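The numbers here are math on the coordinates, done by the rules we state, and not lab data. A quick note: this is a predicted structure, and the numbers were derived from the prediction, not measured. No Cβ is skipped: glycine too gets one built from the backbone with ideal geometry, and neighbour counts run over all protein chains shown.
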Amino acid sequence: MIIRPVQSVLVALLLFITSSLFAQHASENEAVEHDGVSIESHDEAFNAGNMILEHIVDAYEWHILTYGDFHLSIPLPIIVYHKGSFITFLSSKLHHGHSPALFDENKDLIHAVEQGAPEHPVFGLAVMHEGAHKGKLAYIKVADYVNHHVIVEDIEAGMPTDLSITKNVVSLWISLILILVIFFSVAKSYKKRKGMAPKGLQSALEPFIVFIRDDIAKESIGEKKYEKYVPYLLTIFFFIFFNNLLGLIPFFPGGANLTGNIAITMVLALFTFIITTVSGNKNYWTHIVNTPGVPWWLKIPMPLMPIVELMGLITKPFVLMVRLFANITAGHIIVLGFISLIFIFGNMHPVAGYGVSIVSIAFSIFLTFLEFLVALIQAYVFTLLSALYFGAATEEHH
Amino acid sequence: MELVNPGLGLIFWMTLSFGIVLFILSKYAWPLILGGIKEREEEINNSLESARQAREEIKNLQSNNEQLLKQAREERDALMREARELKDDMIVKAKSQADQQAKQIIESAKAAIEQEKTAALSDLKNQVAGLSIEIAEKLLKAELSKENKQKELMDKLIGEAGQQLN
């Protein structure tokens with residue numbers, strides 16, 4: 001009986017999301033012309049691939065919804081290091097990525113669209129829509145833009161040092177603030193309710209904390225040394241878990257595919273790698289450089305085993321990085337794929353679209369539940385493997 | 001390629017922000033939380049241990065109590081037995097005493113009765129003797145009121161006395 005209102009809310013939400021998506025993509029084509037910049041081929045028909053990709057990659061603005069001509073998105077600051085100094089401007093200057101930002105010799109922004117074709121732009125930045133740097137901010141050939149109104153990447157100029165506060169950076173900060181608030185309040189309740197039974201948030205999170213401490217850290221690292229690593233393991237577990245869940249929320253402040261971003265998983269894997277390497281003891285390095293129990297001719301004159309071991313050293317964090325990234329991204333792609341089916345069929349015939357929507361939404365709901373499970377499992381796996389690597393690095397010779 | 005091409009900015013901000021948060025949490029939040037959990041676990045363990053001990057003590061106490069109770073019961077039984085014996089003894093003694101006393105009383109009563117009887121008899125004798133004398137007196141008086149009679153008696157008495165002298 002309790003489930004019923006929840007279910008209806010979920011269905012209503014999904015309907016709302018799908019309809020807003022529909023509106024967005026129906027209006028995209030018109031929106032392009034309104035911006036006055038003709039970036040060729042913003043798909044005439046609904047392009048599921050593009051739509052899905054747009055939803056899972058990073059962006060320079062946080063798009064919330066589009067209704068007709070109305071774009072609701074949060075512009076985010078773009079920070080670029082250019083020849084000795086930082087240039088900052090809001091991403092709204094890029095007009096949802098359709099126009100470039102042009103600068104004069106003082107690195108001052110020239111308001112291109114408002115003033116018509118600028119006279120003396122020295123360099124320009126724009127979001128690439130194709131090529132190797134698709135979706136990234138790159139230098140453009142200014143002359144081509146001024147003369148022919150086309151955006152062409154200036155490959156010789158290289159890539160700008162881009163430290164923009166992107167959608168994922170904002171999402172990262174939101175999640176980190178959330179984590180700080182949650183765990184400081186939990187810490188406070190531990191201080192306040194010393195020796196008493198846990199309550200509220202504290203009792204919700206305590207099983208996870210105890211599980212990570214006892215069943216991950218203690219099991220994998222060993223009774224003697226595990227304590228030093230528990231704070232890190234707890235932090236990555238909750239960071240990944242919370243961000244996995246936030247990624248499943250389809251609208252602001254969730255919806256950023258943070259743990260499905262390879263930069264994020266790369267940094268997490270690097271943290272694990274650095275901690276593993278720093279805490280590696282003599283036994284650990286001996287195993288890598290001079291693996292015991294292996295015939296000598298595998299080490300001298302050709303250091304075959306050391307090379308294999310070194311590869312293993314690099315492979316471990318690499319696998320961590322790819323696994324989390326691929327799992328979360330794949331989940332998002334499948335859910336978005338099912339939603340896309342509605343529009344693909346809807347473009348054929350509206351009735352087909354409505355018909356398919358029932359099946360699609362059912363599958364999306366099922367997959368979203370599956371993703372809840374994946375969110376937990378991937379956080380667990382990342383934490384467990386990190387703990388196992390720490391355990392291997394600190395294992396004593398026996 | 002966008003998907004697998006890590007963004008420099010994101011790497012930079014992630015390293016910085018995550019590093020700071022990791023540091024803050026490790027320094028200020030996790031020690032408190034882990035310490036709290038550990039402290040409580042120890043407290044629970046201690047409490048359970050002390051509860052176990054208390055339970056054992058109670059068990060010991062219970063067996064002690066039972067023993068004491070058993071002892072007390074035995075003692076009580078012994079006391080009761082003794083008392084019963086004493087009672088029986090006393091009854092027997094009292095009975096014999098009472099018998100003796102009764103006998104004595106009866107004896108003395110009998111003696112008293114005998115005494116009274118003899119006293120009464122002697123009293124009766126005396127009274128009968130007195131009465132007889134009085135009657136005799138009166139008879140004599142009446143007999144001797146006549147002269148010839150006195151003479152007759154005198155004669156008779158002198159005759160008797162003479163007979164006795166003979």
Next item on the list: Give the number of residues within region A:282-313 that are surrounded by 14 or more Cβ atoms within 10 Å (Cβ to Cβ) and either touching a strand residue (DSSP E or B) at 6+ places or on another chain (Cβ under 7 Å) or under 26 Å from A:Tyr226 (Cα atoms) (or both).
Entry: 7
Margin query: I'm trying to understand the selection: among the residues of region A:264-281, which are buried (at least 16 other Cβ atoms within 10 Å of the Cβ), part of a helix (DSSP H, G or I) and touching a residue at least 12 places away in the same chain (Cβ under 8 Å)?
Written below: A:Ile264, A:Thr265, A:Met266, A:Leu268, A:Ala269, A:Leu270, A:Phe271, A:Thr272, A:Phe273, A:Ile275, A:Thr276, A:Ser279
Check: Do we find that A:Lys192 is closer than 18 Å to A:Ala392 by Cβ and either more than 8 Å from chain B (Cβ to nearest Cβ) or in contact (Cβ under 8 Å) with a residue 24 or more places away in the chain (or both) in this structure?
Finding: no
Next item on the list: Determine if region A:82-103 includes at least one residue that is aliphatic (A, V, I, L, M), under 18 Å from B:Phe12 (Cα atoms) and facing chain B (nearest Cβ under 10 Å).
Entry: no
Notebook entry, point to check: Looking only at region A:193-217, which residues are farther than 20 Å from A:Leu178 by Cβ and part of a helix (DSSP H, G or I)?
Noted result: A:Val210, A:Phe211, A:Arg213, A:Asp214, A:Asp215, A:Ile216, A:Ala217
